[in-house]
1. Look through 271, 255, 249 and report the one residue that is within 20 Å of the chain's Cα centre (by Cα) and within 15 Å of residue 357 (Cα to Cα).
2. Is there a residue in the range 332-343 that is buried (at least 18 other Cβ atoms within 10 Å of the Cβ) and at positive phi?
3. Please specify each residue of the range 90-112 satisfying the condition of being small (Gly, Ala, Ser), assigned to a loop (DSSP other than H, G, I, E, B) and in contact with a helix residue (DSSP H, G or I) (Cβ under 7 Å, 6 or more places away or on another chain).
4. Taking the range 351-374 as the search range and keeping residues that are in a helix (DSSP H, G or I) and without any contact (Cβ under 8 Å) to a residue 60 or more places away in the chain, which one is farthest from residue 67 (Cα to Cα)?
5. Please give the number of the condition residue 389 fails out of (1) within 20 Å of residue 33 (Cβ to Cβ); (2) of a type in the set (Phe, Trp, Tyr); (3) in contact with an Asp or Glu (Cβ under 7 Å, 6 or more places away or on another chain).
6. Suppose the filter is under 20 Å from residue 84 (Cα atoms), assigned to a helix (DSSP H, G or I) and at pLDDT 95 or above; does residue 229 pass it?
7. Could you name every one of the strands (runs of 3 or more DSSP E) located completely within the range 392-484 that has at least 1 residues being among the small types (Gly, Ala, Ser), modelled with pLDDT of 95 or more and within 21 Å of residue 353 (Cα to Cα)?
8. So which residues in the range 62-89 are of a type in the set (Gly, Ala, Ser) and crowded, with 19+ Cβ neighbours inside 10 Å, if there are any at all?
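The values are calculated or read from the model by the stated rules, or taken from the named source; none is laboratory data. None of the values given here were measured: they were computed from a predicted structure. Reconstructed Cβ throughout: ideal geometry from the backbone, glycine too, with neighbour counts over all protein chains shown.
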Amino acid sequence: MKSEMLQKNFLFNPPEWVSNAIVYQIFPDRFRKSGSVEAQRNLIFQRWGSNPALQGFHGGDLYGVVEKLDYLEKMGINCLYLTPIFASAANHRYHTFDYFEVDPLLGGDSALEALIDALHLRGMRIILDGVFNHCGRGFWAFHHLLENGENSPYKNWFHIHKWPLSPYPYEGQDCGYGCWWNDPALPKFNYQHLPVREYFLSVASYWLDKGIDGWRLDVPDEVPIDFWVEFRKTVKSINSEAWIIGEIWGDARKWLKGDCFDGVMNYRVSWSTLSWVAGANLNTSYANPSYPLEQINATAYIDVINRAFDFYLPQVNRSQLNLLDSHDVPRALWTLLGDESALKLALLLIFLQPGAPCIYYGTEVCLSGGVEPECRESFPWSDSLNIDFISFLQSLIELRTEYNQLINDGFKWSSIGDDAVFFQAKDDSNHSEVSHPKILGLINRSRTSWLKYDVVPHKVVFCLGKAQMKNRGLGPQSAILFRS
(Lines give C-alpha, C1' and ligand atoms only; values in the text may rest on other atoms or scores of the structure.)
Protein backbone atom coordinates (compact mmCIF):
# COMPACT_ATOMS: atom_id res chain seq x y z
CA MET A 1 0.00 0.00 0.00
CA LYS A 2 2.81 2.40 0.89
CA SER A 3 4.56 1.84 -2.45
CA GLU A 4 1.28 2.48 -4.27
CA MET A 5 0.88 5.78 -2.41
CA LEU A 6 4.42 6.79 -3.30
CA GLN A 7 3.77 5.94 -6.94
CA LYS A 8 0.56 7.99 -6.88
CA ASN A 9 2.39 10.95 -5.37
CA PHE A 10 5.11 10.64 -8.01
CA LEU A 11 2.51 10.65 -10.78
CA PHE A 12 0.21 13.40 -9.58
CA ASN A 13 2.52 15.95 -8.03
CA PRO A 14 3.61 18.42 -10.72
CA PRO A 15 6.26 20.99 -9.72
CA GLU A 16 4.98 23.36 -7.03
CA TRP A 17 6.88 26.32 -8.47
CA VAL A 18 4.98 26.25 -11.76
CA SER A 19 1.79 27.72 -10.30
CA ASN A 20 3.86 30.80 -9.42
CA ALA A 21 5.62 31.00 -12.77
CA ILE A 22 5.43 33.95 -15.15
CA VAL A 23 6.85 32.61 -18.40
CA TYR A 24 8.47 34.52 -21.25
CA GLN A 25 8.93 32.67 -24.55
CA ILE A 26 12.01 33.60 -26.58
CA PHE A 27 12.86 32.81 -30.19
CA PRO A 28 16.65 33.09 -29.72
CA ASP A 29 17.72 34.21 -33.22
CA ARG A 30 15.40 37.23 -32.97
CA PHE A 31 15.58 38.38 -29.34
CA ARG A 32 18.98 40.00 -28.78
CA LYS A 33 22.34 40.03 -30.56
CA SER A 34 25.17 40.48 -28.08
CA GLY A 35 28.13 40.78 -30.44
CA SER A 36 30.04 38.48 -28.08
CA VAL A 37 29.81 35.17 -29.97
CA GLU A 38 33.17 34.20 -31.41
CA ALA A 39 31.58 31.82 -33.94
CA GLN A 40 29.69 34.74 -35.49
CA ARG A 41 32.76 36.76 -36.33
CA ASN A 42 33.34 37.41 -40.04
CA LEU A 43 29.98 35.86 -40.93
CA ILE A 44 27.24 37.63 -42.83
CA PHE A 45 23.84 37.96 -41.15
CA GLN A 46 20.63 39.58 -42.22
CA ARG A 47 20.06 43.08 -40.93
CA TRP A 48 18.47 43.11 -37.49
CA GLY A 49 14.81 43.85 -37.95
CA SER A 50 14.68 42.76 -41.58
CA ASN A 51 12.09 40.39 -43.02
CA PRO A 52 11.72 37.37 -40.67
CA ALA A 53 11.99 34.83 -43.48
CA LEU A 54 12.17 31.07 -43.04
CA GLN A 55 15.76 31.11 -44.23
CA GLY A 56 18.48 33.41 -42.98
CA PHE A 57 19.71 34.44 -39.54
CA HIS A 58 19.48 37.75 -37.68
CA GLY A 59 22.14 36.70 -35.19
CA GLY A 60 20.40 36.67 -31.82
CA ASP A 61 22.26 34.60 -29.23
CA LEU A 62 22.10 33.39 -25.63
CA TYR A 63 24.55 35.99 -24.33
CA GLY A 64 22.05 38.52 -25.63
CA VAL A 65 19.41 36.94 -23.40
CA VAL A 66 21.79 37.21 -20.43
CA GLU A 67 22.23 40.92 -21.19
CA LYS A 68 18.48 41.49 -20.88
CA LEU A 69 17.77 39.53 -17.71
CA ASP A 70 17.58 42.77 -15.70
CA TYR A 71 14.87 43.97 -18.10
CA LEU A 72 12.92 40.70 -17.83
CA GLU A 73 13.29 40.38 -14.06
CA LYS A 74 12.15 43.97 -13.52
CA MET A 75 9.03 43.22 -15.57
CA GLY A 76 8.30 40.27 -13.27
CA ILE A 77 9.36 37.34 -15.45
CA ASN A 78 10.69 34.35 -13.49
CA CYS A 79 10.88 31.60 -16.13
CA LEU A 80 12.18 31.52 -19.70
CA TYR A 81 10.98 29.11 -22.37
CA LEU A 82 13.38 28.99 -25.32
CA THR A 83 12.48 27.57 -28.71
CA PRO A 84 15.16 25.07 -29.86
CA ILE A 85 18.78 25.99 -29.25
CA PHE A 86 20.61 22.85 -30.39
CA ALA A 87 22.82 22.78 -33.49
CA SER A 88 20.74 23.18 -36.64
CA ALA A 89 20.82 24.62 -40.13
CA ALA A 90 17.51 26.47 -39.62
CA ASN A 91 16.98 29.79 -37.82
CA HIS A 92 14.15 28.20 -35.82
CA ARG A 93 16.34 25.14 -35.08
CA TYR A 94 13.59 22.56 -35.34
CA HIS A 95 15.87 20.83 -37.90
CA THR A 96 18.29 19.55 -35.25
CA PHE A 97 21.53 17.84 -36.25
CA ASP A 98 23.19 17.56 -32.83
CA TYR A 99 21.14 17.27 -29.64
CA PHE A 100 24.22 17.38 -27.41
CA GLU A 101 25.52 20.73 -28.69
CA VAL A 102 24.11 24.23 -28.32
CA ASP A 103 24.29 25.89 -31.72
CA PRO A 104 27.64 27.75 -32.07
CA LEU A 105 25.81 30.73 -33.57
CA LEU A 106 23.94 31.06 -30.27
CA GLY A 107 27.19 31.01 -28.32
CA GLY A 108 27.56 27.27 -27.85
CA ASP A 109 27.44 25.29 -24.62
CA SER A 110 29.27 27.99 -22.66
CA ALA A 111 26.54 30.52 -23.47
CA LEU A 112 23.82 28.21 -22.16
CA GLU A 113 25.87 27.56 -19.04
CA ALA A 114 26.22 31.31 -18.50
CA LEU A 115 22.49 31.81 -19.01
CA ILE A 116 21.53 29.01 -16.60
CA ASP A 117 23.88 30.36 -13.93
CA ALA A 118 22.60 33.92 -14.34
CA LEU A 119 18.98 32.80 -14.17
CA HIS A 120 19.42 30.59 -11.13
CA LEU A 121 21.34 33.32 -9.34
CA ARG A 122 18.19 35.46 -9.69
CA GLY A 123 15.83 32.65 -8.68
CA MET A 124 14.60 32.33 -12.26
CA ARG A 125 14.19 29.14 -14.30
CA ILE A 126 14.64 27.92 -17.88
CA ILE A 127 12.70 25.46 -20.04
CA LEU A 128 14.19 24.06 -23.26
CA ASP A 129 12.36 22.86 -26.37
CA GLY A 130 12.75 19.14 -27.04
CA VAL A 131 12.23 18.23 -30.71
CA PHE A 132 12.38 14.47 -30.38
CA ASN A 133 9.91 13.37 -33.06
CA HIS A 134 12.10 14.33 -36.02
CA CYS A 135 15.51 15.75 -36.84
CA GLY A 136 17.19 17.62 -39.68
CA ARG A 137 18.84 16.04 -42.70
CA GLY A 138 22.21 16.81 -41.12
CA PHE A 139 21.61 14.64 -38.04
CA TRP A 140 24.58 12.28 -37.77
CA ALA A 141 22.60 9.01 -37.93
CA PHE A 142 20.58 10.16 -40.94
CA HIS A 143 23.74 11.40 -42.67
CA HIS A 144 25.17 7.93 -42.11
CA LEU A 145 22.22 6.51 -44.08
CA LEU A 146 22.77 8.93 -46.92
CA GLU A 147 26.40 7.89 -47.19
CA ASN A 148 25.94 4.12 -46.72
CA GLY A 149 22.40 3.34 -47.81
CA GLU A 150 21.09 -0.08 -46.81
CA ASN A 151 24.49 -0.95 -45.37
CA SER A 152 24.24 1.66 -42.61
CA PRO A 153 23.85 0.18 -39.12
CA TYR A 154 21.54 3.10 -38.31
CA LYS A 155 18.89 2.30 -40.90
CA ASN A 156 16.42 1.21 -38.20
CA TRP A 157 16.56 4.64 -36.57
CA PHE A 158 14.16 5.92 -39.23
CA HIS A 159 11.12 4.79 -41.20
CA ILE A 160 12.65 3.70 -44.51
CA HIS A 161 10.37 2.40 -47.25
CA LYS A 162 12.44 2.90 -50.40
CA TRP A 163 16.09 2.82 -51.39
CA PRO A 164 18.01 4.82 -52.38
CA LEU A 165 16.93 7.78 -50.28
CA SER A 166 16.27 11.13 -51.97
CA PRO A 167 16.66 13.82 -49.28
CA TYR A 168 16.23 16.61 -51.86
CA PRO A 169 13.52 15.13 -54.09
CA TYR A 170 12.15 16.84 -57.16
CA GLU A 171 8.43 17.62 -57.17
CA GLY A 172 6.39 14.42 -56.99
CA GLN A 173 9.37 12.23 -56.17
CA ASP A 174 9.24 9.90 -53.14
CA CYS A 175 12.03 10.75 -50.70
CA GLY A 176 12.02 7.15 -49.46
CA TYR A 177 11.53 7.76 -45.74
CA GLY A 178 8.91 8.91 -43.26
CA CYS A 179 9.08 12.61 -42.49
CA TRP A 180 7.11 15.14 -40.51
CA TRP A 181 4.21 16.55 -42.55
CA ASN A 182 5.83 15.08 -45.69
CA ASP A 183 8.74 17.49 -45.41
CA PRO A 184 11.95 15.70 -46.54
CA ALA A 185 13.95 18.14 -44.41
CA LEU A 186 12.49 16.48 -41.28
CA PRO A 187 13.11 12.71 -41.08
CA LYS A 188 10.99 11.03 -38.40
CA PHE A 189 12.57 8.80 -35.79
CA ASN A 190 11.51 5.18 -35.34
CA TYR A 191 10.53 4.78 -31.70
CA GLN A 192 10.06 1.05 -32.09
CA HIS A 193 13.84 0.88 -32.21
CA LEU A 194 15.31 0.75 -28.69
CA PRO A 195 18.49 2.76 -29.44
CA VAL A 196 16.34 5.73 -30.46
CA ARG A 197 14.54 5.69 -27.12
CA GLU A 198 17.79 5.33 -25.22
CA TYR A 199 19.33 8.18 -27.18
CA PHE A 200 16.59 10.68 -26.31
CA LEU A 201 16.41 9.62 -22.69
CA SER A 202 20.13 10.36 -22.54
CA VAL A 203 19.55 13.76 -24.20
CA ALA A 204 16.88 14.62 -21.64
CA SER A 205 19.13 13.53 -18.77
CA TYR A 206 22.21 15.34 -20.09
CA TRP A 207 20.65 18.80 -20.15
CA LEU A 208 18.83 18.31 -16.83
CA ASP A 209 22.22 17.50 -15.32
CA LYS A 210 23.47 20.76 -16.86
CA GLY A 211 20.83 22.62 -14.85
CA ILE A 212 17.76 23.22 -17.01
CA ASP A 213 14.42 23.21 -15.18
CA GLY A 214 12.24 21.35 -17.63
CA TRP A 215 11.27 20.42 -21.17
CA ARG A 216 8.67 21.66 -23.61
CA LEU A 217 8.05 18.75 -25.98
CA ASP A 218 7.40 19.39 -29.67
CA VAL A 219 4.57 17.42 -31.38
CA PRO A 220 4.58 14.72 -28.68
CA ASP A 221 1.33 13.22 -29.98
CA GLU A 222 3.40 11.81 -32.88
CA VAL A 223 5.64 9.84 -30.50
CA PRO A 224 4.33 6.61 -28.86
CA ILE A 225 2.79 7.46 -25.51
CA ASP A 226 4.65 4.68 -23.70
CA PHE A 227 7.90 6.51 -24.46
CA TRP A 228 6.63 9.56 -22.57
CA VAL A 229 5.86 7.38 -19.56
CA GLU A 230 9.49 6.29 -19.59
CA PHE A 231 10.62 9.85 -20.28
CA ARG A 232 8.76 11.16 -17.23
CA LYS A 233 10.30 8.54 -14.96
CA THR A 234 13.76 9.46 -16.22
CA VAL A 235 13.24 13.21 -15.88
CA LYS A 236 11.64 13.07 -12.44
CA SER A 237 14.32 10.73 -11.12
CA ILE A 238 16.89 13.45 -11.90
CA ASN A 239 14.81 16.44 -10.80
CA SER A 240 11.38 15.83 -9.30
CA GLU A 241 10.64 19.54 -9.74
CA ALA A 242 11.37 19.58 -13.48
CA TRP A 243 8.41 20.83 -15.54
CA ILE A 244 7.29 18.69 -18.49
CA ILE A 245 5.03 20.49 -21.00
CA GLY A 246 3.54 18.84 -24.06
CA GLU A 247 2.57 20.66 -27.24
CA ILE A 248 -0.97 19.29 -27.41
CA TRP A 249 -3.41 21.78 -28.96
CA GLY A 250 -6.70 20.19 -27.94
CA ASP A 251 -7.93 17.46 -25.61
CA ALA A 252 -4.85 16.24 -23.72
CA ARG A 253 -6.51 13.96 -21.19
CA LYS A 254 -4.62 10.80 -22.15
CA TRP A 255 -1.29 12.61 -21.65
CA LEU A 256 -2.31 14.31 -18.39
CA LYS A 257 -3.24 11.33 -16.24
CA GLY A 258 -0.07 11.82 -14.24
CA ASP A 259 2.21 9.41 -16.07
CA CYS A 260 3.34 11.60 -19.00
CA PHE A 261 3.27 15.41 -18.83
CA ASP A 262 2.68 17.92 -16.04
CA GLY A 263 0.77 20.21 -18.38
CA VAL A 264 0.33 21.28 -22.00
CA MET A 265 0.40 24.44 -24.07
CA ASN A 266 -3.17 25.55 -23.44
CA TYR A 267 -4.05 26.75 -26.95
CA ARG A 268 -7.79 26.49 -26.31
CA VAL A 269 -7.41 29.36 -23.87
CA SER A 270 -5.47 31.23 -26.57
CA TRP A 271 -7.87 31.18 -29.49
CA SER A 272 -11.05 31.45 -27.42
CA THR A 273 -9.78 34.46 -25.48
CA LEU A 274 -8.70 36.30 -28.63
CA SER A 275 -11.91 35.37 -30.41
CA TRP A 276 -14.02 36.81 -27.60
CA VAL A 277 -12.17 40.05 -26.76
CA ALA A 278 -11.96 40.95 -30.46
CA GLY A 279 -15.72 40.92 -31.04
CA ALA A 280 -16.32 41.94 -34.65
CA ASN A 281 -12.75 43.26 -34.92
CA LEU A 282 -11.13 39.84 -35.41
CA ASN A 283 -8.68 38.81 -38.11
CA THR A 284 -10.06 35.47 -39.28
CA SER A 285 -7.74 35.00 -42.26
CA TYR A 286 -5.53 32.53 -40.41
CA ALA A 287 -6.90 29.05 -41.08
CA ASN A 288 -6.00 26.37 -38.54
CA PRO A 289 -8.61 23.91 -37.23
CA SER A 290 -6.65 23.58 -33.99
CA TYR A 291 -6.66 27.35 -33.54
CA PRO A 292 -10.09 28.43 -34.81
CA LEU A 293 -10.47 32.20 -34.86
CA GLU A 294 -14.21 32.89 -35.01
CA GLN A 295 -16.37 35.53 -33.41
CA ILE A 296 -17.96 34.17 -30.23
CA ASN A 297 -20.16 35.61 -27.49
CA ALA A 298 -19.52 35.51 -23.76
CA THR A 299 -21.47 32.30 -23.20
CA ALA A 300 -19.50 30.43 -25.87
CA TYR A 301 -16.24 31.77 -24.48
CA ILE A 302 -17.02 30.58 -20.97
CA ASP A 303 -18.00 27.17 -22.33
CA VAL A 304 -14.58 26.79 -23.97
CA ILE A 305 -12.74 28.00 -20.87
CA ASN A 306 -14.65 25.64 -18.60
CA ARG A 307 -14.00 22.72 -20.92
CA ALA A 308 -10.31 23.60 -21.07
CA PHE A 309 -10.00 23.17 -17.31
CA ASP A 310 -12.78 20.77 -16.33
CA PHE A 311 -11.07 17.94 -18.21
CA TYR A 312 -8.18 17.83 -15.75
CA LEU A 313 -7.31 17.52 -12.07
CA PRO A 314 -6.71 20.81 -10.19
CA GLN A 315 -2.98 20.10 -9.85
CA VAL A 316 -2.78 19.59 -13.61
CA ASN A 317 -4.55 22.90 -14.27
CA ARG A 318 -2.01 24.62 -12.06
CA SER A 319 0.69 23.22 -14.36
CA GLN A 320 -0.74 24.35 -17.70
CA LEU A 321 1.08 26.85 -19.90
CA ASN A 322 -1.50 29.52 -20.77
CA LEU A 323 -0.60 31.61 -23.79
CA LEU A 324 -2.15 33.94 -26.36
CA ASP A 325 0.32 33.36 -29.19
CA SER A 326 3.67 31.80 -30.02
CA HIS A 327 6.20 31.16 -32.78
CA ASP A 328 3.62 28.85 -34.43
CA VAL A 329 0.63 31.20 -34.74
CA PRO A 330 0.14 34.86 -35.63
CA ARG A 331 0.86 37.35 -32.91
CA ALA A 332 -2.13 38.30 -30.79
CA LEU A 333 -2.05 41.95 -31.88
CA TRP A 334 -2.20 40.89 -35.54
CA THR A 335 -5.20 38.70 -34.76
CA LEU A 336 -6.82 41.66 -32.96
CA LEU A 337 -6.19 43.96 -35.94
CA GLY A 338 -3.89 46.19 -33.92
CA ASP A 339 -6.34 46.86 -31.07
CA GLU A 340 -4.11 47.31 -28.01
CA SER A 341 -7.08 47.72 -25.65
CA ALA A 342 -8.38 44.31 -26.72
CA LEU A 343 -4.90 42.85 -26.22
CA LYS A 344 -4.84 44.16 -22.66
CA LEU A 345 -8.18 42.47 -21.96
CA ALA A 346 -6.85 39.22 -23.44
CA LEU A 347 -3.72 39.32 -21.32
CA LEU A 348 -5.77 40.00 -18.20
CA LEU A 349 -7.92 36.97 -18.95
CA ILE A 350 -5.00 34.55 -19.27
CA PHE A 351 -3.50 35.95 -16.07
CA LEU A 352 -6.77 35.06 -14.32
CA GLN A 353 -6.58 31.36 -15.26
CA PRO A 354 -5.00 28.50 -13.26
CA GLY A 355 -1.54 27.65 -14.52
CA ALA A 356 1.41 29.67 -15.73
CA PRO A 357 0.73 32.69 -17.98
CA CYS A 358 3.15 32.91 -20.91
CA ILE A 359 4.17 36.10 -22.70
CA TYR A 360 5.61 35.73 -26.21
CA TYR A 361 8.68 37.94 -26.56
CA GLY A 362 7.83 41.38 -27.92
CA THR A 363 4.22 41.37 -26.78
CA GLU A 364 5.19 44.03 -24.25
CA VAL A 365 6.30 46.34 -27.09
CA CYS A 366 3.28 45.46 -29.23
CA LEU A 367 4.93 43.45 -32.00
CA SER A 368 2.25 42.43 -34.50
CA GLY A 369 3.75 39.92 -36.94
CA GLY A 370 1.30 37.72 -38.82
CA VAL A 371 1.34 34.15 -40.10
CA GLU A 372 4.58 32.18 -39.60
CA PRO A 373 7.33 33.23 -40.13
CA GLU A 374 6.16 36.84 -39.77
CA CYS A 375 5.46 36.22 -36.08
CA ARG A 376 9.19 35.64 -35.54
CA GLU A 377 10.39 39.19 -36.04
CA SER A 378 13.41 40.73 -34.31
CA PHE A 379 12.93 42.57 -31.03
CA PRO A 380 13.21 46.34 -31.72
CA TRP A 381 15.71 47.28 -29.02
CA SER A 382 16.86 50.37 -30.88
CA ASP A 383 13.36 51.84 -30.91
CA SER A 384 11.63 53.53 -28.00
CA LEU A 385 10.01 50.79 -25.97
CA ASN A 386 6.29 50.94 -25.23
CA ILE A 387 6.58 52.00 -21.59
CA ASP A 388 2.79 52.11 -21.13
CA PHE A 389 2.35 48.52 -22.19
CA ILE A 390 5.35 47.30 -20.20
CA SER A 391 3.90 49.02 -17.12
CA PHE A 392 0.56 47.36 -17.77
CA LEU A 393 2.20 43.94 -17.90
CA GLN A 394 4.03 44.69 -14.67
CA SER A 395 0.71 45.52 -13.03
CA LEU A 396 -0.76 42.23 -14.26
CA ILE A 397 2.17 40.31 -12.84
CA GLU A 398 1.82 42.11 -9.51
CA LEU A 399 -1.89 41.26 -9.44
CA ARG A 400 -1.16 37.65 -10.24
CA THR A 401 1.54 37.46 -7.56
CA GLU A 402 -0.69 38.91 -4.84
CA TYR A 403 -3.70 36.69 -5.60
CA ASN A 404 -1.91 33.69 -7.03
CA GLN A 405 -3.47 31.12 -4.71
CA LEU A 406 -7.02 32.24 -5.43
CA ILE A 407 -6.44 32.36 -9.16
CA ASN A 408 -4.97 28.86 -9.18
CA ASP A 409 -8.02 27.60 -7.28
CA GLY A 410 -10.02 28.75 -10.31
CA PHE A 411 -12.93 31.16 -10.66
CA LYS A 412 -16.57 30.61 -11.41
CA TRP A 413 -17.39 32.44 -14.65
CA SER A 414 -20.76 33.68 -15.90
CA SER A 415 -21.83 35.75 -18.91
CA ILE A 416 -23.61 39.08 -18.96
CA GLY A 417 -25.10 39.30 -22.43
CA ASP A 418 -22.69 38.81 -25.31
CA ASP A 419 -20.11 41.40 -24.33
CA ALA A 420 -19.33 40.95 -20.65
CA VAL A 421 -18.27 38.31 -18.15
CA PHE A 422 -18.43 38.18 -14.37
CA PHE A 423 -16.16 35.99 -12.25
CA GLN A 424 -15.81 35.18 -8.58
CA ALA A 425 -14.05 32.74 -6.31
CA LYS A 426 -15.63 29.30 -6.25
CA ASP A 427 -17.79 28.44 -3.25
CA ASP A 428 -15.51 25.56 -2.29
CA SER A 429 -12.40 27.72 -2.09
CA ASN A 430 -10.42 27.09 1.08
CA HIS A 431 -8.74 30.47 0.97
CA SER A 432 -11.18 32.94 2.49
CA GLU A 433 -9.00 34.02 5.45
CA VAL A 434 -7.92 37.62 5.89
CA SER A 435 -4.53 36.82 4.37
CA HIS A 436 -6.22 35.32 1.30
CA PRO A 437 -9.30 37.48 0.57
CA LYS A 438 -11.58 36.55 -2.27
CA ILE A 439 -11.70 38.59 -5.44
CA LEU A 440 -14.39 39.04 -8.03
CA GLY A 441 -14.61 41.11 -11.15
CA LEU A 442 -16.19 42.17 -14.42
CA ILE A 443 -14.82 42.47 -17.94
CA ASN A 444 -16.56 44.43 -20.70
CA ARG A 445 -15.32 43.81 -24.25
CA SER A 446 -17.73 46.22 -25.98
CA ARG A 447 -16.09 49.08 -27.83
CA THR A 448 -19.07 51.39 -27.48
CA SER A 449 -21.33 50.44 -24.57
CA TRP A 450 -21.05 50.95 -20.84
CA LEU A 451 -21.94 48.03 -18.58
CA LYS A 452 -24.20 48.63 -15.58
CA TYR A 453 -23.61 46.16 -12.78
CA ASP A 454 -25.29 45.23 -9.50
CA VAL A 455 -22.19 44.12 -7.66
CA VAL A 456 -21.85 45.92 -4.36
CA PRO A 457 -18.58 47.85 -4.59
CA HIS A 458 -15.73 46.32 -2.62
CA LYS A 459 -12.17 47.55 -2.43
CA VAL A 460 -10.87 47.93 -5.99
CA VAL A 461 -7.64 46.00 -6.55
CA PHE A 462 -7.30 46.39 -10.31
CA CYS A 463 -8.91 48.59 -12.93
CA LEU A 464 -8.33 48.64 -16.67
CA GLY A 465 -9.98 51.37 -18.70
CA LYS A 466 -12.86 53.40 -17.27
CA ALA A 467 -15.16 52.69 -14.36
CA GLN A 468 -17.72 54.81 -12.48
CA MET A 469 -17.75 53.59 -8.92
CA LYS A 470 -20.63 55.73 -7.71
CA ASN A 471 -22.91 54.83 -10.61
CA ARG A 472 -21.65 51.25 -10.86
CA GLY A 473 -20.73 51.45 -14.50
CA LEU A 474 -17.90 49.86 -16.45
CA GLY A 475 -16.71 51.57 -19.61
CA PRO A 476 -16.02 50.08 -23.05
CA GLN A 477 -13.08 47.66 -23.22
CA SER A 478 -12.63 47.88 -19.48
CA ALA A 479 -12.25 45.58 -16.50
CA ILE A 480 -12.51 45.94 -12.75
CA LEU A 481 -11.56 43.60 -9.91
CA PHE A 482 -12.80 43.92 -6.32
CA ARG A 483 -11.55 42.39 -3.11
CA SER A 484 -13.98 41.14 -0.48
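1. Being within 20 Å of the chain's Cα centre (by Cα) and within 15 Å of residue 357 (Cα to Cα) holds for just one of 271, 255, 249, which is 271.
2. Looking for residues that are buried (at least 18 other Cβ atoms within 10 Å of the Cβ) and at positive phi, one finds none in the range 332-343, hence no.
3. Once the filter is applied, which keeps residues that are small (Gly, Ala, Ser), assigned to a loop (DSSP other than H, G, I, E, B) and in contact with a helix residue (DSSP H, G or I) (Cβ under 7 Å, 6 or more places away or on another chain), the range 90-112 yields only 107.
4. Residue satisfying both the conditions and the ranking: 351.
5. (1)
6. So residue 229 fails the test.
7. 411-416, 420-425, 439-444, 478-483
8. 64, 87, 88
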